[in-house]
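Here's the structure we're looking at; comments come further down.
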Amino acid sequence: PKVSPVCCVPGLISMAVRALLVGGASAAAAATLMILQSRKKKPSFTLGYWDIRGLAAPARMMLVYAGAEFEDKMFELKQKEEGNGWDAEEWFDECRPALRQKNAFINLPYLIDEGTGLVVTQSTAIYQYLGRKL
């Protein structure tokens, strides 16, 4: 037998039955809806990428559109004073080694789901994950 997701919420049945006895079916439905909406939490994420729009822009748009709470961690690229090239030590020396322990293939962009601790890397994988999660 299939179990309705509404029945899995603790205390929901007793509150809905009480509302049904006191106020009828419409009151029970309203109470059920109110309880479900109050228990729904917005997921929170950390999205990391260079301080440009680039490959993380669609993920940012998805997070904003869904109303999810997220930290937009932007790594600054600085031009080296001596010679040519770019200085990206904040990413390569500070953040990447710590994140590599959670995901061996860590790269930019990355997404951390704060609720589960999951670290997703690569833009297409992030879009797919957010599409399922949000």
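What follows is calculated from the coordinates using simple rules that are stated; it is not laboratory data. Predicted model only: the values in this text are computed from it and were never measured. We place every Cβ from the backbone using ideal geometry, glycine too, and count neighbours over all the protein chains shown.
Annotations for the structure displayed:
- Difference of contour (0.36 nm per residue) and Cα-Cα distance, residue 53 to residue 114: 19.7 nm
- Among 112, 52, 106, sorting on how many other beta-carbon atoms sit within 10 Å of each Cβ, with the fewest leading, yields 52, 106, 112.
- Around the amide H of residue 114, modelled in the peptide plane, lie the amide H atoms of 44, 45, 46, all under 5 Å away and 5 or more residues distant in sequence or on another chain.
- Gyration tensor (Cα) of the range 44-133, equivalent ellipsoid semi-axes in angstrom: 25, 15, 10
- Computed lengthening from residue 88 to residue 44, 0.36 nm per intervening residue step minus Cα-Cα distance: 13.2 nm
- Cut-off 10 Å between beta-carbons: net charge of the residues surrounding residue 118, Lys and Arg +1, Asp and Glu -1: 0
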